[in-house]
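The values are calculated or read from the model by the stated rules, or taken from the named source; none is laboratory data. The structure displayed is predicted, hence computed values, not measured ones. Every residue, glycine as well, gets a Cβ built from its backbone with ideal geometry; the counts of neighbours run over all protein chains shown.
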Amino acid sequence: MIRKPISRTASILWGVSIWVIFFTAWELAVIFEKVNLLLVPPPEKVLTALYSLIVEGNFLNDIGISILRVIGSFLGACVVAVPLGILMGTFATAESFLNPFVSAWRYLPAPAFIPILLMWLGTGEGPKLALLFIGVVFFLITLIMDYTRQVRIELIETSLTLGASQKRVLWTVIVPAVLPNVVIAMRQMLAVSWTYLVIAEIVASTTGIGAMMMRARRFLHTDEIMAGILVIGILGLLFDLLFRWMHRVFFGYLYNNER
Amino acid sequence: MATNFNKNDSVKLVVENAGKTYTHNNGSTIDAIVDVSFSVQRNEYCVLLGPSGCGKSTVLRMVAGLETPTTGRILLDGKIIEGPDRHRGMVFQNYTSFDWLTVNKNVEYGMKCNGVAAREREQIAAHFLDIVQLTKFKDAYPSQLSGGMKQRVAIARTLANKPSVILMDEPFGALDAETRWNMQELMASIIESTDTTVVMVTHDIEEALFLGDRIVFFSGHPGTVMEDGPVEYKNRQRVMIKEEALDLPGYIEAERHIMALMRSQRQEIGG
Ligand SMILES: Nc1ncnc2c1ncn2[C@@H]1O[C@H](COP(=O)(O)OP(=O)(O)O)[C@@H](O)[C@H]1O
Ligand SMILES: [Mg+2]
């Protein structure tokens, strides 16, 4: 029925069944040898590959490095983007000054900077962190600026007519009002950060999940490559859940609708 | 139950030949109001009434200091108004609760801005929460409150800040009918028990007649004062209960008169 809700159980069943279909199709394709087993290993082989990568190999180390790269560069991007975004969404002068610059950078695809970053920053952590930073920071600034502009003018004006100074309005109205959306913006951009991480590690790295996948490619270990994809997916999901949880914990006042 | 409102016959607020021309982004201009003059006595409940779009909000915002008049001037206690400050507290039609603060902290907010000590803040907030009957909800967050309760928080927050004039822009316009008249009676009793001057915008005739000591009626576009005078049927008395107002002998005539004014303006706008 158009726009008619379905029950929660039905919704979950539908959601699970698409995965069941997917894995069954995969399994059947392997069993009936419709695919080259070298290129498409059966699902269970991906799991055993993951297990041996962790137990026998150094995969946990790679995962740890990847997570640190994402967190490190993302924190850097937040430290720059949150104050700038809030200032640009609050003061017309800040917006006029910075927005032409910020929007121009948004149109440049971050991977285009990889060659020059490698020349400037060598082959250590520098270029990877820089790529992740560039890929995220300008979008984050813009998102936060837009969310700041959406803080209702009546809230600001109420505060002014209660006697608040400009500075106090900024700190006690604009900042707390936009903060829940800042966390939402972070959640959205963290997913993008994972995308650039994989690019950075595949193109120019000997450590990390992406690098492990490129090594596996050399030895035709498709099961290990797929294990890498699986881990990246799971990590992305976990970080997303972490941010959802933080939103609920920090901004509980938004959730307690009783009337 | 009725009392005389004219405890002190001194002029509080003067609007003198005020005009406001807005300039749009594309350079075109619009005269929202021209040559508006009226004055409000101390402790008076002044209602601005008129068809929609005639510039009532503009006048109120100029008094608040949120807009500057293009021509003329506005004086509070003899001083020209420059920018918003604590002496003219505003209550908007849309909810303005600070969602991240409890009801109690919302009410304390203005006092905190103005350096009132914590102990005193607490006492004053408790007093005004009692007046608006929200003591039970002092530790709740606004998202747990109904629309009428949120508006009561906004009123308590403004009152607790002891402004010289309270400005209200259709404060009950978003509420359902029953909540609205409850709020109107609450407002009547608040004004009676606190020494405040109120300027309130409304387009609800019944509300204007029940609450107002004086009604300033605006003509349509560009807005200007068409009629200005005390609400006669109450004989300069205040009424606390709505039915009492409706039962007074002059009520129907007063209502009919204002409806005629409204209609004349509406027809002019309709062409
Ligand atoms: N910020 C603004 N910029 C441009 N025009 C405005 C602005 N605010 C109000 N106006 C115009 O001024 C006129 C009066 O508006 P307003 O004061 O809101 O009237 P009312 O409150 O009586 O409905 C309207 O024509 C409106 O479109
Ligand atoms: Mg209005």
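Which one of the conditions (1) at pLDDT 95 or above; (2) closer than 21 Å to residue B:212 by Cβ; (3) within 16 Å of ligand 2 (Cβ to nearest atom) does residue B:74 fail to meet, given that it meets all the rest?
So residue B:74 meets the others, but not (3).
Let me confirm something: among A:220, A:241, which residue is away from chain B (no Cβ under 14 Å) and outside any helix (DSSP H, G or I)?
A:220
Can you report the number of residues in region A:177-206 which are crowded, with 19+ Cβ neighbours inside 10 Å, away from chain B (no Cβ under 14 Å) and among the small types (Gly, Ala, Ser)?
Adding up the residues that qualify gives 4.
Using the structure shown, decide if residue B:197 is in contact with a Phe, Trp or Tyr (Cβ under 9 Å, 6 or more places away or on another chain), within 28 Å of residue B:75 (Cβ to Cβ) and in contact (Cβ under 8 Å) with a residue 24 or more places away in the chain.
Criteria met by residue B:197.
Among the helices (runs of 4 or more DSSP H) confined wholly to region B:125-211, which include 3 or more residues that are among the charged types (D, E, K, R)?
Because the criterion is at least 3 residues that are among the charged types (D, E, K, R), the helices (runs of 4 or more DSSP H) in region B:125-211 that meet it are B:147-160, B:177-193.
Just to be sure, is residue B:58 hydroxyl-bearing (Ser, Thr, Tyr) and within 13 Å of ligand 2 (Cβ to nearest atom)?
Here the answer is yes, as residue B:58 does meet what is asked.
Would you check which residues across region B:174-207 are within 15 Å of ligand 1 (Cβ to nearest atom), within 15 Å of residue B:59 (Cβ to Cβ) and either surrounded by 21 or more Cβ atoms within 10 Å (Cβ to Cβ) or within 14 Å of chain A (Cβ to nearest Cβ) (or both) and list them?
Those that are within 15 Å of ligand 1 (Cβ to nearest atom), within 15 Å of residue B:59 (Cβ to Cβ) and either surrounded by 21 or more Cβ atoms within 10 Å (Cβ to Cβ) or within 14 Å of chain A (Cβ to nearest Cβ) (or both): B:199, B:200, B:201, B:202.
Checking the condition touching a residue at least 24 places away in the same chain (Cβ under 8 Å) and within 16 Å of ligand 2 (Cβ to nearest atom), which residue from B:36, B:14 passes?
Testing whether each residue is touching a residue at least 24 places away in the same chain (Cβ under 8 Å) and within 16 Å of ligand 2 (Cβ to nearest atom) leaves just B:36.
For residues that are surrounded by fewer than 23 Cβ atoms within 10 Å (Cβ to Cβ), of a type in the set (A, V, I, L, M, F, W, C), touching a residue at least 12 places away in the same chain (Cβ under 8 Å) and within 11 Å of another protein chain (Cβ to nearest Cβ), tally how many sit in region B:111-136.
Summing the residues that are surrounded by fewer than 23 Cβ atoms within 10 Å (Cβ to Cβ), of a type in the set (A, V, I, L, M, F, W, C), touching a residue at least 12 places away in the same chain (Cβ under 8 Å) and within 11 Å of another protein chain (Cβ to nearest Cβ) in region B:111-136 gives 1.
For the subset of region B:24-74 comprising residues that are more than 9 Å from ligand 1 (Cβ to nearest atom) and of a type in the set (D, E, K, R), which member is surrounded by the most Cβ atoms within 10 Å (Cβ to Cβ)?
Taking the candidates together, the pick is B:44.
Among the candidates B:142, B:171, B:163, single out the residue that is without any contact (Cβ under 8 Å) to a residue 60 or more places away in the chain and surrounded by 19 or more Cβ atoms within 10 Å (Cβ to Cβ).
B:142
Within region B:18-45, how many residues are closer than 30 Å to residue B:238 by Cα and not in a loop (DSSP other than H, G, I, E, B)?
Final tally of qualifying residues: 8.
Mind listing whichever residues of region B:75-93 are surrounded by 19 or more Cβ atoms within 10 Å (Cβ to Cβ) and away from chain A (no Cβ under 12 Å)?
B:76
What are the residues in region A:121-176 that are at the interface with another protein chain (Cβ under 8 Å from one of its Cβ atoms) and part of a helix (DSSP H, G or I), if any?
Those that are at the interface with another protein chain (Cβ under 8 Å from one of its Cβ atoms) and part of a helix (DSSP H, G or I): A:154, A:155, A:157, A:158, A:159, A:160, A:161, A:168, A:172, A:173, A:176.
Collect the residues in region B:209-235 that are more than 19 Å from the chain's Cα centre (by Cα) and more than 17 Å from residue B:263 (Cα to Cα), keeping them in residue-number order.
Once the filter is applied, which keeps residues that are more than 19 Å from the chain's Cα centre (by Cα) and more than 17 Å from residue B:263 (Cα to Cα), region B:209-235 yields B:232, B:233, B:234, B:235.
Filter region A:1-60 for residues that are over 18 Å from residue A:215 (Cα atoms), without any contact (Cβ under 8 Å) to a residue 12 or more places away in the chain, assigned to a loop (DSSP other than H, G, I, E, B) and not basic (Lys, Arg) and give the result.
Correct list: A:1, A:2, A:5, A:6, A:7, A:32, A:33, A:35, A:36, A:37.
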